[in-house]
Each structure stands twice: as C-alpha cells, then as structure tokens.
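Reading through the structure tokens given below for one structure.
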Amino acid sequence: MSNIAVSLQNLTLAYGDTIAVPSLNLDIIDGELIALLGPSGCGKTTTMRAIAGLMKPRSGTILIDGKDVTKTPANKRGVGLVFQSYALFPHLTGFENVAFGLRLKKRPNDEIVQRVEAGLELVGLSHLATRKPSELSGGQQQRLSLARSLVMEPKVLLLDEPLSNLDARLRLDMRTELQALQRQTGITMVFVTHDQSEALALADRIVLMKNGHIEQIGSPEALYDSPQTVFAADFVGFENIFSVGLNTQNEGTTIYNNTGELTLPYQANVSHLAWRPGGVVVGSGPHKGVVTGMAFAGDKREYVITTSAGKIKADVDVSVPAIQIGEDVFFDLPESSARMLDDKATQTQFKHG
Amino acid sequence: MFQNRTEGLALVLPAAVFIAVLFLFPVGILLSEGFKVGGEWSLAGYADFVSKPLNRTVFFRTLKLGFLVAFVSAIIGYATAFCIVNLEPAQRGRVFGLIILPLMISPVARTYAWIVILGRTGIVNKAIVGMGLSDSPIRFLFTETAVFIGLLQLFMPLMIVSLISAMENLPKDAIPAARVLGASWLQVFTKVILPLTREGLVLGGTLVFTGALTAYITPAILGGSKVLMLETLLYQRVNVSNDYVSAGIIATILIVMCFGANVVLRRVAKA
Amino acid sequence: MGQTWASRLIIFTTLLFLVGPFIIIIFAGLSAGSSLAFPPDGLSLKWYLAVFEVESFRQSFVLSMFLAVGGTLTALVIGVPAAYAICRYNIPGAETIKIIVAAPIIVPGIIVGLALLRYLVVPLEFTVTLALFLAHTALVLPYAVRVVSASLQNLRTDIEEAAVLLGCNRLQAFTKVILPNIRSGILAAFILGFVTSFNQVPVSLFLSGPGVRTLPIDMLAYMEITYDPSVAALSALLAFLSIGIVFIAEKTLGFSRYV
Ligand SMILES: Nc1ncnc2c1ncn2[C@@H]1O[C@H](COP(=O)(O)OP(=O)(O)O)[C@@H](O)[C@H]1O
Ligand SMILES: [Mg+2]
C-alpha cells in the first residue's frame with residue numbers, strides 16, 4: 001500500500017442538495033503526475049478541494065500515505081494547492097508570499113531565506129522577489145503560486161487548471177517547465193485540465209471524468225489509442241462515431257445515425273464504431289458521398305463529406321489534389337482504423353449528424 | 001470552507017442581537033404606544049390625532065417640504081451633475097470634493113449659517129434695506145421658506161452625488177449620437193439622460209426625501225415652534241405635554257413614510 | 001465656449017449655495033463685535049479663543065470625542081465579523097439579518113433616542129454616558145458593516161483558502177491575510193463612523209442629561225440663550241476638524257469611494 005499517495009474511497013461530494021461527485025474511487029500513485037481531465041462542470045475542482053480539505057465529503061474516505069485524513073483539517077493535511085486564479089496575497093511581496101507558510105511553521109530565519117530563495121530560483125523568479133503580485137505578469141504569478149506551494153514540500157501538490165489563464169505561447173512553455181519540475185522534485189502532482197492535449201502531453205496517467213464519474217483511467221497512449229466509451233472516444237478526437245445496428249440480411253455491419261445508415265463489409269459485435277478524421281480513406285472505397293466542406297490546415301485538408309449516414313469528417317494529406325466542394329467522392333471506413341466501443345450505457349449521440 | 005452555517009451565524013449574532021435589543025425592541029414598543037389608550041389596545045389615539053388641525057397641518061407640511069426639497073434637488077442636481085461630469089478629471093475631482101464637503105460638516109454648523117444669512121441683521125436683509133427695497137427688515141427666519149432652504153442645502157449633495165455616479169455610467173457616445181440624430185436638448189434629456197440615470201435619480205430622491213422628512217435640526221433652528229415638522233412636533237409632544245400616544249403615532253407615521261419611500265421608489269426604479 | 005461658461009456658472013452657483021454658508025460662518029466668527037453679523041464688525045480672533053474658555057463646551061467636546069471614538073471602535077469590533085459572515089457565509093435568513101443590521105440608518109434618530117430612553121435606559125437605570133455610548137454604537141454599526149462589506153467584496157475568497165493550506169488556522173487566515181487587505185476599508189469605516197457620531201444630534205437629543213451633553217446638543221442649548229459669534233467660531237472649528245480628517249483620509253485612502 002505504501003506506494004499509493006492518495007486514495008479516494010467511495011467519495012461522495014455535494015453542494016447542498018446537488019451531488020457533484022457520486023461515489024468516486026481513485027488511487028494516486030506516489031510520485032506520479034496525474035491529470036484529472038473532463039469538460040467544465042464535471043467535478044474536477046470539487047474533487048481537488050475535497051482532497052485538500054477545503055470541502056467536507058458527504059460520505060467516503062480519503063487516505064493520504066495510507067492514513068485516513070477525512071476528518072483532518074486542511075491546514076494539517078500537508079497538501080499543496082495551486083489555485084486556478086493563483087490566490088496570491090496582494091499585500092505581500094513575492095518573497096513574503098513564498099515565505100508565508102514557512103514563517104507560520106516558525107522555521108529559523110536563515111532556513112526561510114534559503115528555502116524561499118531556492119524556491120524562487122526553481123521557478124526562475126529570483127529577480128522579482130521584491131515585487132507585489134499586482135506587478136507581475138500572469139505567467140510570473142502562476143510560477144510564484146507554484147513556488148509558494150513547493151517550498152512547503154507537500155506530500156501531494158494539486159494544481160487546478162494551472163495553465164488555463166496563460167496565453168498560448170506561455171502555456172506551451174509552462175507545460176515543459178511543470179513536467180521538468182515534477183521530475184526534479186518527485187512530488188506527487190495532480191493537475192486538473194479540460195484540455196485533452198495538455199493532459200496527453202503532461203501526464204503519466206489520465207483520469208477522464210464525466211458528470212462526477214470516472215469514465216476511463218489510463219496512460220495517455222492507452223486513452224488516445226483505445227478509448228473505451230463513446231464519451232472517451234469523442235474527447236480524444238474520434239470525431240466520427242456511429243451506433244451499430246443489427247444486420248439480419250448479410251454478413252456486414254450497419255452503422256447508423258438519425259439521418260440514415262451505411263453498411264460496412266465486415267462484422268463488428270459492439271455497440272459503437274468510431275474513426276478519427278485521419279482514419280477515413282477518401283478517393284476510393286465502397287461508399288459514396290458529396291463533399292460539402294473543406295478547410296486547409298497546412299499539412300492536410302479537412303473535408304466534410306455528406307453521406308447517407310450523415311456528415312463524416314475526413315483528413316487528407318495536402319499532397320493529394322484537392323477535391324472541390326460539391327463533387328462526389330468515394331470513401332472507406334476501414335476496419336483497421338475503427339475503434340470498437342462496447343458502450344451500452346451511452347445513449348447514441350451524434351455530434352455531426 | 002464557508003459551509004459551516006453555525007459558524008457564520010455566530011459571527012453575525014453579536015451585531016444582530018445588539019441592534020435587535022437596542023433598536024428594534026424599544027422602537028417596537030414606542031410604535032405600539034400609539035395603538036394604546038389607557039393601557040388598552042385602541043385606535044382612538046389615531047382618531048384623536050387626525051382630528052386635530054395642527055397635526056394635519058404639520059403632517060402635510062412635512063410631506064410637502066419632503067417632496068419639494070427632493071424635486072428642487074433633482075432639478076438643480078441634474079444641471080450641476082451634468083456640468084461636473086463633463087469637466088476634466090482633475091477639476092472634476094476637486095469640484096466633487098467641494099460637493100461632498102458639506103456632508104462632513106456638522107448639520108448644526110450648516111444650519112446655523114442660515115441664521116447669519118437670513119436673520120434680521122443678516123446679509124440678505126442688509127442688502128434689501130440697503131437697496132431701499134424695504135424700510136424694515138423682512139422676516140425670513142421661522143418661515144417655511146427658511147426651513148426649505150436649510151433642508152435643500154443639507155440634502156442636495158446626496159442627490160448630486162447619486163446623479164454623478166449614474167451619469168458616469170452613461171455610454172460615452174449616447175448624447176452626441178442623439179444630437180446627431182436631430183434630438184433637441186430637451187429631447188436628449190427626456191429620451192436619453194433621464195431613462196439612463198433613473199436609478200441614480202431614485203436613489204438620490206429616496207435619500208433626500210427621507211432625509212428631509214426626518215431632519216430635526218433644521219426645522220428646530222430655522223422653523224422653531226412656528227413651522228413645526230413631524231420631528232419637532234414629536235419632540236414637543238414628549239417634552240412639553242408628555243404625550244406618548246402622539247409620540248408613538250408620529251414615530252409610526254415617520255417610519256412608514258421612510259420605508260414606504262424606500263419600497264415605492266425602488267419599485268419605480270425597476271419598472 | 002458659451003457652453004463652458006454656462007456650465008461653470010451652474011457649478012459655481014451650486015457650490016456657492018452649498019459651501020458659501022460655511023464661509024460666512026468662518027467670517028462671522030471672526031467678528032470683533034459682540035453680535036452675530038455678516039459682514040463682521042471688524043476682525044478679531046477673540047471668539048475663536050473664547051470657545052475654549054467655555055467650560056461646558058470643553059466637557060461636551062470630550063464626551064463627543066469619547067462617543068465618536070469609543071462607539072465607532074465598538075461598532076467595528078462587532079461589525080467586522082458580521083460583515084465577514086454576510087460576505088462569505090451562506091447564512092440562513094441572510095436578507096433579514098441585513099435589514100436588521102441596516103435598520104438604524106432607516107429609522108429616524110429622534111425615535112431611536114426616545115425609545116431607547118423610555119424603554120431601556122430609564123427602566124434599567126443606565127447612566128447617561130452608557131446610554132449615549134450604546135446609542136452611538138448602534139447608529140454607527142450599519143456604516144461599519146456596509147463599508148467593510150464593500151472592501152471584503154473586492155477581495156478574492158481563495159486567498160484565505162490558500163492561507164489555510166499553507167498552515168493557518170481560521171483565525172490566523174483572517175488576521176494575516178484578510179485584515180491587512182481590508183485595512184483601508186476599516187479605516188474608512190472608522191472615519192465615516194467618527195464623523196457621523198460626532199455630528200449626530202437627533203439620537204442624543206433625548207438621551208443627553210443635565211451636565212452630560214454631546215457637543216452639538218450643547219451648541220443648540222447655547223444658541224437658545226445667546227446669539228454671540230462664539231457658536232459660529234465653534235462651528236467653523238468643528239468643520240475644519242471634520243474636513244481635516246476627511247481630507248487626510250481622502251489623500252491616503254481615496255475615502256470618497258466608500259461614502
Ligand atoms: N459552490 C457551489 N455550489 C453549488 N454547486 C457547485 C458549486 N461549485 C460547483 N458546483 C457544481 O458542482 C459541479 C462540479 O463543479 P466543479 O467541480 O467546479 O467542476 P469542474 O472543476 O470540473 O469544472 C458542477 O455541476 C457545478 O455546477
Ligand atoms: Mg474547475
């Protein structure tokens with residue numbers, strides 16, 4: 001058990017009468033960088049706040065390092081939290097913000113100075129130690145907030161959408177820095193994001209959440225390659241998802257949505273089939289459709305093909321000559337690039353139908 | 001962290017209890033006195049109160065002065081606020097400071113100044129006699145006019161401040177746009193400024209109206225016993241005739257009018 | 001051009017009406033004569049100096065100072081937690097509580113003073129000073145709650161949670177993180193409360209007893225007896241005191257945000 005840093009057991013979290021997270025079970029391994037991924041409102045922040053002790057669970061247990069901390073107050077849990085909005089203290093300088101927790105612990109002054117300086121160094125803010133938060137840029141505030149948590153050497157560091165308030169360039173830089181920091185310090189980190197590419201790029205493991213439930217847990221590769229549910233597939237970029245219907249006439253498979261259907265020449269004994277746009281073959285194949293949309297995206301062209309089973313998104317390499325809008329086109333939905341989803345629980349949903 | 005309601009209640013409790021005990025409880029009893037005659041519940045006190053001409057005069061005078069002060073404040077307030085908002089920022093700050101400055105000065109001092117101005121030997125009378133407009137000084141003190149002037153000076157800043165903050169929120173181009181579209185200044189006022197500053201007008205109007213209703217010092221100094229208002233009447237009833245039934249009735253009337261003004265005018269602002 | 005002149009004239013006239021009387025008071029107090037007049041009969045500082053010689057003025061000034069400072073501080077001590085609870089917690093009956101706490105502003109002061117006197121002070125045999133102290137505290141309390149609430153509302157809630165996660169208990173989080181950030185709001189509330197209490201008349205009218213009067217009440221009483229320029233001089237001095245305090249507050253805190 002010792003390599004499990006945080007364990008959530010049957011954790012139920014509620015705001016008044018609304019249950020935000022019903023009965024969550026999750027083990028976070030010591031030293032890993034784990035992502036809570038899911039659309040806005042799925043309960044990521046709520047889960048974090050419960051781990052930190054800012055919110056009392058309705059029921060269930062939270063273990064940190066094997067100890068039950070469900071009733072332990074937030075200031076005694078040894079959990080760090082980097083807030084989405086950084087929550088820096090406006091009246092204190094950068095240095096004093098970072099020193100805040102150490103001063104509370106009544107550490108000797110020498111030690112405080114040394115640890116704060118090391119912390120600021122780690123996030124590259126040594127030269128801005130005397131500034132107030134309002135005199136720092138968004139990225140600097142974000143790093144200051146990180147340093148403030150890191151110097152406390154928390155057992156677990158929680159980061160709530162740490163990169164969402166930064167602009168695109170900075171976000172990419174900070175991704176790398178965050179990952180490097182985690183490797184360097186070895187602190188168990190849980191970060192929240194609604195951005196699948198961020199989760200895939202950073203995390204050792206991804207917890208995909210939906211409506212307070214865990215939809216799927218796995219490595220970025222596993223989630224990317226083999227989503228288990230319609231929701232997971234949709235979230236990692238399988239934009240063409242079809243329900244599979246019973247086919248009594250021949251050996252093939254009928255896939256359908258609310259506008260029509262299409263019969264594939266192979267069998268699939270699952271509830272849904274899904275393809276990424278890149279997995280659709282355009283220019284040859286047994287099916288015919290009309291190109292109704294085309295967007296140039298540098299290395300590829302993104303087509304929308306209207307078929308008897310609704311709209312299909314397909315990406316084609318730029319080296320292939322462009323097909324004009326309005327032209328008929330043959331295409332294939334090959335078995336090799338299909339993901340078979342056995343997701344009886346999910347009601348058929350058609351994003352592009 | 002803030003989910004613990006008992007904790008929250010415990011924090012407001014001292015303030016709430018303090019006010020409830022020192023305020024609501026005694027005021028409540030005072031109001032109830034108006035509904036009692038000789039220890040019995042009765043509306044006879046009210047019937048008696050209404051039957052006296054002086055009481056009616058004072059009531060309507062108070063109401064009239066309240067409306068008048070609010071109305072005149074609004075007219076002068078609009079003109080002044082509009083001019084102030086269009087000043088340059090630095091000048092605007094200074095003028096704004098001068099507008100709110102009287103609010104910080106003791107109302108006794110502010111009212112007292114009018115004795116110097118309006119008294120028998122005050123500047124106004126000196127000027128009138130000096131210019132030969134009248135042989136003897138004119139009586140200004142202890143008239144409704146004096147009370148009106150005193151109240152206007154006391155409460156107008158509240159109206160101006162409310163209107164300034166309402167006008168600061170006016171879209172910058174609304175007035176030029178209306179002018180370009182051919183609106184006259186009167187139309188600009190009724191169609192653009194008035195609707196967009198209505199909430200400020202209502203807030204200012206409430207403050208001025210209730211302020212004037214409940215002012216004591218101004219009617220006491222500038223009106224005396226000749227021009228009684230409800231507050232000075234209440235003081236007299238208690239101090240001169242020990243009449244707590246009347247006191248309870250006047251208190252009820254004042255509170256009802258103040259709350260009424262707050263509620264009604266807030267409705268008007270929302271409508 | 002014409003418009004600017006018209007606009008200046010309007011502002012000037014309004015200011016003349018609002019501030020002019022105050023200037024007249026200053027000069028009326030400078031009179032060398034013995035009756036209240038403007039323009040004064042010659043100039044001298046004698047009435048300004050005479051104010052300090054009046055024993056009752058000295059006593060009532062001290063009382064008014066005590067009420068303004070003590071009452072406002074007490075109001076802050078119970079008002080700050082209330083404001084904090086109203087802003088941060090989801091308390092049951094919050095709307096009712098807000099109305100209760102705001103009541104002293106809405107209810108006319110003279111009624112409050114009378115009711116307090118008749119139903120609490122007399123039956124419980126409070127001293128005049130205690131009665132005035134309680135009344136002034138209650139009167140200032142709504143301002144304290146309102147002004148402090150305003151500055152709490154401008155403060156993020158998560159910094160307190162951050163402080164707790166760094167090891168603070170709830171009280172430490174409040175004193176180390178909230179208090180320093182609402183300091184100017186509290187100071188503004190103090191000044192507003194001080195000025196309100198110091199200038200207050202109607203509440204104190206019934207509560208003042210023989211020999212124990214607030215300064216404005218004392219001035220009213222003095223005016224009934226004599227019309228000499230000393231009240232003008234005192235009024236001017238008090239006005240300067242208020243203005244001085246507010247001016248300093250404005251320069252250091254931007255006080256007018258809170259009025
Ligand atoms: N303070 C609150 N009061 C009531 N409901 C809340 C509160 N905070 C969040 N919720 C609800 O709980 C659910 C989960 O919210 P949250 O954990 O913030 O989602 P996420 O961080 O994944 O976007 C949402 O449905 C949200 O509406
Ligand atoms: Mg969130």
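Restrict the check to the range C:150-164 and report whether at least one residue is in contact with a strand residue (DSSP E or B) (Cβ under 8 Å, 6 or more places away or on another chain) and at pLDDT 90 or above.
For the range C:150-164, residues in contact with a strand residue (DSSP E or B) (Cβ under 8 Å, 6 or more places away or on another chain) and at pLDDT 90 or above: present.
Out of the residues in the range B:97-144 that are in contact with a Ser or Thr (Cβ under 7 Å, 6 or more places away or on another chain) and more than 7 Å from chain C (Cβ to nearest Cβ), which is farthest from C:Thr226 (Cα to Cα)?
The extreme case among them is B:Ile128.
Within the range C:85-92, is there a residue that is of a type in the set (S, T, N, Q) and assigned to a helix (DSSP H, G or I)?
No, the range C:85-92 contains no residue that is of a type in the set (S, T, N, Q) and assigned to a helix (DSSP H, G or I).
Helices (runs of 4 or more DSSP H) wholly in the range A:179-290 with at least 3 residues that are within 14 Å of another protein chain (Cβ to nearest Cβ), within 16 Å of ligand 1 (Cβ to nearest atom) and under 25 Å from A:Asp315 (Cβ atoms) - which ones?
Numbers: elements: A:196-202, A:220-225, A:230-235.
Those helices (runs of 4 or more DSSP H) do not exist here; none qualify.
Can you name the residue in the range A:21-41 that is surrounded by fewer than 22 Cβ atoms within 10 Å (Cβ to Cβ) and within 16 Å of ligand 2 (Cβ to nearest atom) and is also farthest from the chain's Cα centre (by Cα) among such residues?
A:Gly41
Considering B:Gly224, B:Gly248, B:Gly260, which residue is within 14 Å of chain C (Cβ to nearest Cβ), within 17 Å of C:Pro202 (Cα to Cα) and surrounded by fewer than 20 Cβ atoms within 10 Å (Cβ to Cβ)? Outline the logic, then answer.
Details: B:Gly248 fails: surrounded by fewer than 20 Cβ atoms within 10 Å (Cβ to Cβ); B:Gly260 fails: within 17 Å of C:Pro202 (Cα to Cα).
Result of the check over B:Gly224, B:Gly248, B:Gly260: B:Gly224.
Only one of C:Ile99, C:Ile106 is of a type in the set (Val, Ile, Thr) and either within 9 Å of another protein chain (Cβ to nearest Cβ) or within 16 Å of B:Pro14 (Cβ to Cβ) (or both). Can you tell me which?
Testing whether each residue is of a type in the set (Val, Ile, Thr) and either within 9 Å of another protein chain (Cβ to nearest Cβ) or within 16 Å of B:Pro14 (Cβ to Cβ) (or both) leaves just C:Ile106.
Given the conditions (1) at pLDDT below 95; (2) under 17 Å from A:Ile206 (Cβ atoms); (3) within 14 Å of ligand 1 (Cβ to nearest atom), and given that A:Asp17 satisfies all but one, which numbered condition is not satisfied?
Unmet condition: (2).
When the residues of the range A:20-34 are narrowed to those that are touching a Leu at 6+ places or on another chain (Cβ under 9 Å) and more than 21 Å from C:Leu165 (Cα to Cα), which ends up nearest to ligand 1 (Cβ to nearest atom)?
Checked the range A:20-34; the qualifying residue nearest to ligand 1 (Cβ to nearest atom) is A:Ala20.
For (1) more than 13 Å from the chain's Cα centre (by Cα); (2) closer than 30 Å to B:Glu231 by Cβ; (3) crowded, with 19+ Cβ neighbours inside 10 Å, each residue gets a yes or a no:
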| residue | (1), (2), (3) |
| --- | --- |
| C:Val164 | yes, no, yes |
| C:Gly167 | yes, no, yes |
| C:Gln172 | yes, no, no |
| C:Thr175 | yes, no, no |
| C:Leu179 | yes, no, no |
| C:Ala188 | no, yes, yes |
| C:Leu192 | no, yes, yes |
| C:Gln200 | no, yes, yes |
| C:Leu205 | yes, yes, yes |
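Select from the range A:97-152 the residues that are without any contact (Cβ under 8 Å) to a residue 12 or more places away in the chain and within 13 Å of chain C (Cβ to nearest Cβ) and write down the one among them that is surrounded by the fewest Cβ atoms within 10 Å (Cβ to Cβ).
The qualifying residue surrounded by the fewest Cβ atoms within 10 Å (Cβ to Cβ) is A:Lys106.
Every residue in the range A:53-64 that is in contact with an Asp or Glu (Cβ under 8 Å, 6 or more places away or on another chain) and either of a type in the set (A, V, I, L, M, F, W, C) or at pLDDT below 95 (or both), please.
Residues satisfying the conditions are A:Leu54, A:Ile62.
Please determine, by comparing only the residues of the range C:137-173 that are facing chain A (nearest Cβ under 9 Å) and among the small types (Gly, Ala, Ser), which one is nearest to B:Leu11 (Cα to Cα).
Ranking the qualifying residues of the range C:137-173, first place goes to C:Ala173.
Across the range A:35-85, what is the total count of residues that are away from chain C (no Cβ under 12 Å), hydrophobic (A, V, I, L, M, F, W, C) and within 13 Å of ligand 1 (Cβ to nearest atom)?
Final tally of qualifying residues: 5.
Looking at A:Asn165, A:Asn211, which one is modelled with pLDDT of 90 or more, surrounded by fewer than 23 Cβ atoms within 10 Å (Cβ to Cβ) and within 16 Å of ligand 2 (Cβ to nearest atom)?
A:Asn211
Report, by residue number, each residue of the range B:171-189 that is surrounded by 12 or more Cβ atoms within 10 Å (Cβ to Cβ) and free of Cβ contacts under 8 Å to residues at least 60 places away in the same chain.
Hits for the range B:171-189 are B:Ala174, B:Ile175, B:Ala177, B:Ala178, B:Arg179, B:Ala183, B:Gln187, B:Val188.
I want to confirm something. Restricting to the range C:45-94 and keeping residues that are under 17 Å from the mean Cα position of the chain (by Cα) and within 28 Å of C:Ala28 (Cβ to Cβ), which single residue is farthest from the other protein chains (Cβ to nearest Cβ)?
Filtering the range C:45-94 for residues that are under 17 Å from the mean Cα position of the chain (by Cα) and within 28 Å of C:Ala28 (Cβ to Cβ), the one farthest from the other protein chains (Cβ to nearest Cβ) comes out as C:Val62.
Checking the condition of a type outside the set (A, V, I, L, M), crowded, with 24+ Cβ neighbours inside 10 Å, in contact with a His (Cβ under 8 Å, 6 or more places away or on another chain) and assigned to a helix (DSSP H, G or I), which residue from C:Gly79, C:Gly71 passes?
Only one candidate passes the filter, namely C:Gly71.
I'd like the full set of residues that are closer than 16 Å to A:Arg143 by Cα, more than 16 Å from ligand 2 (Cβ to nearest atom), under 17 Å from the mean Cα position of the chain (by Cα) and in contact (Cβ under 8 Å) with a residue 24 or more places away in the chain, limited to the range A:172-208.
Once the filter is applied, which keeps residues that are closer than 16 Å to A:Arg143 by Cα, more than 16 Å from ligand 2 (Cβ to nearest atom), under 17 Å from the mean Cα position of the chain (by Cα) and in contact (Cβ under 8 Å) with a residue 24 or more places away in the chain, the range A:172-208 yields A:Met174, A:Arg175, A:Leu178, A:Gln179, A:Met189.
Given the residues A:Thr12, A:Thr18, which is the only one that is within 16 Å of ligand 2 (Cβ to nearest atom), surrounded by fewer than 17 Cβ atoms within 10 Å (Cβ to Cβ) and at negative phi?
None of the other options fit; the residue is A:Thr18.
If I ask for residues that are outside any helix (DSSP H, G or I) and either at the interface with chain B (Cβ under 7 Å from one of its Cβ atoms) or of a type outside the set (Ser, Thr, Tyr) (or both), which ones from the range C:112-136 would you list?
Of everything in the range C:112-136, those that are outside any helix (DSSP H, G or I) and either at the interface with chain B (Cβ under 7 Å from one of its Cβ atoms) or of a type outside the set (Ser, Thr, Tyr) (or both) turn out to be C:Glu125, C:Phe126.
What helices (runs of 4 or more DSSP H), lying completely within the range C:174-259, carry at least 2 residues that are away from chain B (no Cβ under 12 Å)?
C:183-199, C:230-253
Answer with yes or no whether A:Thr12 is under 27 Å from C:Tyr89 (Cβ atoms), within 16 Å of ligand 1 (Cβ to nearest atom) and either in contact with a Lys or Arg (Cβ under 6 Å, 6 or more places away or on another chain) or within 14 Å of chain C (Cβ to nearest Cβ) (or both).
When the stated conditions are applied, A:Thr12 passes them.
Filter the range B:198-221 down to the residues that are away from chain C (no Cβ under 11 Å) and farther than 15 Å from B:Phe59 by Cα and list them by number.
If the condition is that a residue be away from chain C (no Cβ under 11 Å) and farther than 15 Å from B:Phe59 by Cα, then B:Arg198, B:Glu199, B:Gly200, B:Leu201, B:Val202, B:Leu203, B:Gly204, B:Gly205, B:Val208 are the ones that fit.
If you check every pair at least six apart or on different chains, which have Cβ atoms under 7 Å apart with a residue in the range B:86-104 that is closer than 18 Å to C:Ala188 by Cβ first and a residue that is part of a loop (DSSP other than H, G, I, E, B) and of a type in the set (A, V, I, L, M, F, W, C) second?
Note: pairs meeting the criteria are B:Ile100/C:Val259.
Which members of the range A:152-178 meet the condition of being more than 16 Å from ligand 1 (Cβ to nearest atom) and under 21 Å from A:Gly43 (Cβ atoms)?
Passing the criteria: A:Val156, A:Leu157.
With respect to A:Gly53, is the statement that it is crowded, with 21+ Cβ neighbours inside 10 Å, away from ligand 2 (no atom under 16 Å from the Cβ), over 18 Å from A:Thr193 (Cα atoms) and without any contact (Cβ under 8 Å) to a residue 40 or more places away in the chain true?
So A:Gly53 fits the description; yes.
The values are calculated or read from the model by the stated rules, or taken from the named source; none is laboratory data. Given the structure is predicted, the values throughout are model-derived calculations rather than measurements. FYI the Cβ positions are ideal-geometry reconstructions off the backbone, even for glycines, and counts take in every protein chain you see.
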